[in-house]
2 protein chains.
Amino acid sequence: MKILVQKFGGTSVATRDAMQKVLNKVTDGLKRSDKVIAVLSARAGETNKLLALADEWSMTPDSAECDALVSTGEQVSITLFTMLLKDAGIRARSLLSWQIPIKTDSDFGRARIRSIDSGNLRSYLESYDVLVIAGFQGCTEDKRITTLGRGGSDTSAVAIAAVLDSAECEIYTDVDGVYTTDPNICSSARKMDRVAYDEMLEMASMGAKVLHIRSVEFAKKYKVPVRVRSTFSDDPGTLVTQEDSSMEAVLVSGIAYDKDQARVTLRALPDVPGTAAAVFGPLSEKGILVDMIVQNTSNDGHTDITFTVSRKELPQTLELMHTIADKTGAAEILHDVNVAKVSAIGVGMRNHSGVAARAFAALTQEGINILMISTSEIKITILIQEKYVELAVRILHDTFGLDWSID
Amino acid sequence: MKILVQKFGGTSVATRDAMQKVLNKVTDGLKRSDKVIAVLSARAGETNKLLALADEWSMTPDSAECDALVSTGEQVSITLFTMLLKDAGIRARSLLSWQIPIKTDSDFGRARIRSIDSGNLRSYLESYDVLVIAGFQGCTEDKRITTLGRGGSDTSAVAIAAVLDSAECEIYTDVDGVYTTDPNICSSARKMDRVAYDEMLEMASMGAKVLHIRSVEFAKKYKVPVRVRSTFSDDPGTLVTQEDSSMEAVLVSGIAYDKDQARVTLRALPDVPGTAAAVFGPLSEKGILVDMIVQNTSNDGHTDITFTVSRKELPQTLELMHTIADKTGAAEILHDVNVAKVSAIGVGMRNHSGVAARAFAALTQEGINILMISTSEIKITILIQEKYVELAVRILHDTFGLDWSID
């Protein structure tokens, strides 16, 4: 029995008209496989509306109650969509997470999936051709409703595909695939036919909003091929999959950027053991995510530590740094919000040197000053002044020949 | 362990401000008993909004999906209210029907409760002082969500009180009890301290909207004392309970009326066996509820049959009657929508004759023509012209001395 998992986001199920397009995709899916599992998000805007209601009711809404409240969003979308399927004569029913069940831990608001009863799902598939499943939610061992956090519907879909050994998981969205970079700032951006899990992970972490990062981790872990495509076109989209030799022949497969960056520098810290811990421990305790970190080599027993945080967390970060500067005896605290990150990503980098050098040379040639650098196995990230972001993206896209396909 | 069940309707939970008053009632309940179970309806207007959504999506919304859709209304109200309880430092949690479970049959949209796991409820009460339960809903043996039909939250509350052998079930609403008649048309209407189950049943069936009729049947069957009172006052309300000798000393305890009546007469039907079945069989098949029925004694082998239906079902009724008149050879079909019912209700009637005669005499004296009469053990119903309804209610209220209490 061939089972296709299709996930549709909030925009795709926002209205009855939009849902008709989803209906077409499901009908088409039934031609390509024996059974379809449609995983739906809440209708666009509904989750935010429910969260606003919780905030209106309580300064600190109980997290378990909040999850049970917010989960009604998907309950509405799956029941309405199933009505359309039934009207079209398709054997279908809706399924809430507790009816399957999809079991999670008790970390309300950002629960992690522990198990999905695939036997139960398969027995539902004996009676129905389409199962319409509420994404984003699960339930604990003791039957409390949980939610998986923002973008969790992607994770639901991939996890269901994983337990069913489904051939493919299709994530429908409002763009027709994954691009080499943001087409809004680079006209030669090109839709990729395929992208490796690791590349997708790096792109997602850079704010490319096509796929939720946890769903990509899940897909990678369980080797689920994920196809990102549009509800509103027939384009085959982009296949997110395991890397192979043809992918490795490409040095760089995408350029990502992130403007939500603020840079903080602690100047002339005494370079003694435990200094870094004294700086980053308190940040971690407050749940502030630190992105790039650079520490210079010691000079006269002193060092500078520079790091970036998201802009909305800058005020709290600076407050903490003042206390830390007092404690550690740092000379000065500097900060800058007019900075942004640009990254070149590609699994092909693993086997080639010189990628970083080419990137630096290209940017320098255009007079773009490099403020910070950090590199990973498959990514080079460069912090620059924000005003150069668009230019830098276009330069790197061009430098690594992303405007044409070598597939 | 003393457990108090309190039910709050849609108006009581409509806004955060209204819910604060509910919070006061629950806090007060905790002073009078060890534990409180609060059964909530959906916020006022929400159920209708969800049903409208279903109608927008489908001409014939799938009934199972519709129940799962509509049940989100209570899910929202119980989670929001539980947030308030937790903020007030009360050990509380929300419970959906499947988490208890409250099991019903599979008659979606008007399911009947089959069982409630009281052991599970009691074990929840070990960890929490207040359980906030979604009224109006249940789940089938195979875990599908059902709803109990309009007013079903009353039934949920009474059923929960029944399985817990709770001392009392309080139904909070926006009126402060059950009145001898509608205070809007009879200024001397008086709030009753107590009313018998059977009287309440007759009043509910006449459209006195204070309690849902099925909840009264349930309360009567399991001998659950039900107190009807207001969320917005401290009045002790009206206790609905088993009749006792003091109740039987009162001939008539209430006057009810119903304007939603249309009268249909089939003239000169051949009086042969099976005629009544030929008339009422098709009505029953179409689900049209026939209220009063009168058949005159035969005259020359012919008879007249008169009955009443609700006004919105008159067109379909007349359509059916034309077919039936053709089949049975009735001479004529008459109908009248300017009619209304007035009833005098009282368990004391059982032991006294002459109540009907007194009612007829009082109405006739004021020139009100009696169109139809039907009597039961504890009720006399009279069909009159609609324009006389208010006058008739006041006359009967006065005739049976309901403006003063003999308690």
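A single entry from B:Ala344, B:Ala359, B:Ala340 fulfils the requirement of being farther than 30 Å from B:Ala278 by Cβ, part of a strand (DSSP E or B) and among the hydrophobic types (A, V, I, L, M, F, W, C): B:Ala344. Is there a residue in region B:15-31 that is within 12 Å of B:Glu170 (Cβ to Cβ) and out of contact with any strand residue (DSSP E or B) (no Cβ under 8 Å at 6 or more places or on another chain)? Checking region B:15-31: at least one residue is within 12 Å of B:Glu170 (Cβ to Cβ) and out of contact with any strand residue (DSSP E or B) (no Cβ under 8 Å at 6 or more places or on another chain). For A:Ala42, the criteria (1) away from chain B (no Cβ under 14 Å); (2) surrounded by 14 or more Cβ atoms within 10 Å (Cβ to Cβ) hold in every case but one, which is (1).
Every listed requirement among (1) of a type in the set (Ser, Thr, Tyr); (2) modelled with pLDDT under 90; (3) more than 25 Å from A:Ile380 (Cα to Cα) is met by A:Thr303 save one, (3).
Per-residue answers, yes or no, for (1) surrounded by fewer than 22 Cβ atoms within 10 Å (Cβ to Cβ); (2) at pLDDT below 95; (3) among the acidic types (Asp, Glu); (4) more than 19 Å from B:Leu164 (Cβ to Cβ):
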position	(1), (2), (3), (4)
B:Met83	no, no, no, yes
B:Ser94	no, no, no, no
B:Ser97	no, no, no, no
B:Ile102	no, no, no, no
B:Arg110	yes, yes, no, yes
B:Gly119	yes, no, no, no
B:Ser127	yes, no, no, no
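Just one of (1) modelled with pLDDT of 95 or more; (2) surrounded by fewer than 24 Cβ atoms within 10 Å (Cβ to Cβ); (3) more than 10 Å from every other protein chain (Cβ to nearest Cβ); (4) over 23 Å from A:Glu46 (Cα atoms) fails for B:Leu51. It is (4). Within region A:59-70, being facing another protein chain (nearest Cβ under 8 Å) and crowded, with 19+ Cβ neighbours inside 10 Å holds for A:Pro61, A:Asp62, A:Ala64, A:Glu65, A:Cys66, A:Ala68, A:Leu69. Being over 15 Å from the mean Cα position of the chain (by Cα) and over 22 Å from B:Trp98 (Cβ atoms) holds for only one residue in B:Glu170, B:Glu141, and it is B:Glu170.
Please determine whether any residue of region A:25-35 is aliphatic (A, V, I, L, M), crowded, with 22+ Cβ neighbours inside 10 Å and more than 10 Å from chain B (Cβ to nearest Cβ).
So in region A:25-35, the residues aliphatic (A, V, I, L, M) come out as A:26, A:30.
Imposing the further condition that a residue be crowded, with 22+ Cβ neighbours inside 10 Å reduces the set to A:26.
Going one step further and asking which of them are more than 10 Å from chain B (Cβ to nearest Cβ), we end up with A:26.
Within region A:25-35, one or more residues are aliphatic (A, V, I, L, M), crowded, with 22+ Cβ neighbours inside 10 Å and more than 10 Å from chain B (Cβ to nearest Cβ).
Of all the numbered requirements in (1) within 30 Å of B:Phe400 (Cβ to Cβ); (2) part of a helix (DSSP H, G or I); (3) out of contact with any helix residue (DSSP H, G or I) (no Cβ under 9 Å at 6 or more places or on another chain), B:Thr308 misses one, and that requirement is (2).
Looking at (1) touching a residue at least 60 places away in the same chain (Cβ under 8 Å); (2) touching a Ser or Thr at 6+ places or on another chain (Cβ under 6 Å); (3) surrounded by fewer than 19 Cβ atoms within 10 Å (Cβ to Cβ), which is the one condition that is false for A:Val132? Here A:Val132 clears every test but (3).
In contact (Cβ under 8 Å) with a residue 24 or more places away in the chain and assigned to a loop (DSSP other than H, G, I, E, B): is that true of A:Ile333 in this structure?
Taking the combined requirement at face value, the residue does not satisfy it.
Restricting the search to strands (runs of 3 or more DSSP E) fully inside region B:1-104 and requiring at least 1 residues that are of a type in the set (Gly, Ala, Ser) gives B:35-40, B:92-95.
The number of residues in region B:373-388 that are under 24 Å from B:Val337 (Cβ atoms) and either buried (at least 20 other Cβ atoms within 10 Å of the Cβ) or of a type in the set (Phe, Trp, Tyr) (or both) comes to 7. Remark: B:Asp198 matches the filter, which requires a residue to be buried (at least 18 other Cβ atoms within 10 Å of the Cβ), under 29 Å from B:Asp260 (Cα atoms) and not assigned by TED's automatic domain parsing to the domain that holds B:Leu30.
Hey, could you check region B:372-391 for residues that are touching an Asp or Glu at 6+ places or on another chain (Cβ under 8 Å) and of a type in the set (A, V, I, L, M) and say which is nearest to B:Met192 (Cα to Cα)? Within region B:372-391, the match that is nearest to B:Met192 (Cα to Cα) is B:Ile378.
The values are calculated or read from the model by the stated rules, or taken from the named source; none is laboratory data. Only a predicted model underlies this, so the values are computations on that prediction, with no experimental measurement involved. Counting neighbours? That spans all protein chains shown, and the Cβs are built from the backbone with ideal geometry, glycine included.
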